[in-house]
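Undergrad: Here it is, the structure in full.
Please treat every number below as a calculation from the coordinates, not as lab data. Here the structure is a predicted model, which means the values were calculated and not measured. Here Cβ is always computed from backbone atoms with ideal geometry, including for glycine, and neighbour counts include all displayed protein chains.
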Amino acid sequence: MKIKDRTVHIYTDGSCNPQYNVGGWAAVILFNDQEFLIKGEILGTTHNVMEIWAAIEALKYVVKNLHNWEKINIYSDSQYVVGIPDRKEKLKGDDFKTKKGHAVRNADILETLIKYIEFYQIDFIKVKAHDKNDTGNNYNRKVDKLSRKIVRQCVKKSFPEN
């Protein structure tokens, strides 16, 4: 009898058009030989927000819809996202404020992601950005292409003159 791997594997990516501040995010969630794809768009955003948002939305999906998992691996090409677990104690210790007392950028969503990190067993794994290695399923490339496509569609929809 084969024992199922009880690890959820999540590939995330986010993209943003800085000229129009529109963004897209995507995540592929792999669990028990099943693949789930989630995606979205946000207006008035940044690239880093999209990267974090992809991870948060994927975690929300896992918690709400998947059962009997033990841990989560999140694969991201964003050093910003992958580094959050190492920065979480400092961020919390500083109450998500800068030395001058201002809120750090993205404090609200950083707090949300950190709550997930503290409650669940989550490992963040850095992957090479835009890797064109076509051996097997390249989920990082898949979410990269999809998040960029979402941004292009969002620009076209929100700014039809372009």
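Undergrad: Which three semi-axes in whole Å describe the equivalent ellipsoid of the chain, each the square root of 5 times a Cα gyration tensor eigenvalue, listed largest first?
TA: 25, 23, 13
Undergrad: Using only helices, what value at 222 nm comes out for the chain when you add -39,500 (n - 2.57) per DSSP H run of length 4 or more and divide by the total residues, to the nearest 500 deg cm²/dmol?
TA: On the way: 5 runs with 66 residues, N = 162.
Using -39500 (n - 2.57) per qualifying helix, the result is -13000 deg cm²/dmol.
Undergrad: Taking other Cβ within 10 Å of each residue's Cβ, how do Phe159, Phe124, Phe36 sort, fewest first?
TA: Ascending Cβ contact count within 10 Å gives the list Phe159, Phe36, Phe124.
Undergrad: Which one of Thr46, Pro18, Leu66 has its Cα pushed farthest toward the positive end of the charge dipole of the chain, where Lys and Arg give +1 and Asp and Glu give -1 at the Cβ?
TA: Pro18
Undergrad: Using a 10 Å cut-off around each Cβ, can you sort His102, His47 from fewest to most neighbouring Cβ atoms?
TA: Going from sparsest to densest Cβ surroundings: His102, His47.
Undergrad: Still on this model: List the lysines whose Cα lies under 25 Å from the Cα of Lys92, skipping any in the same chain that are fewer than 8 positions away.
TA: Lys60, Lys71, Lys100, Lys115, Lys126
Undergrad: For Asp33 paired with Ala103, estimate the spin-label separation in nm (one decimal), with each label point 7 Å from Cα along the Cα-to-Cβ line.
TA: 4.6
Undergrad: Which FRET efficiency value, to the nearest 0.05, is calculated for Asn73 and Ala129 with the Förster distance at 22 angstrom and r the Cβ-Cβ distance?
TA: So, using R0 = 22 Å, E works out to roughly 0.80.
Undergrad: Let me ask something else. Using Cα pairs closer than 8 Å and at least 6 residues apart in sequence, work out the relative contact order for the chain, in percent.
TA: Here the relative contact order equals 31 percent.
Undergrad: Next question. Counting other C-beta atoms within 10 Å, which of Ile10, Ile150, Ile122 has the fewest, and how do the rest follow?
TA: By the 10 Å Cβ count, ascending, the order reads Ile122, Ile150, Ile10.
Undergrad: Tell me, what is the FRET efficiency for Lys115 and Glu161 to the nearest 0.05, using R0 = 41 angstrom and their Cβ-Cβ distance as r?
TA: 0.50
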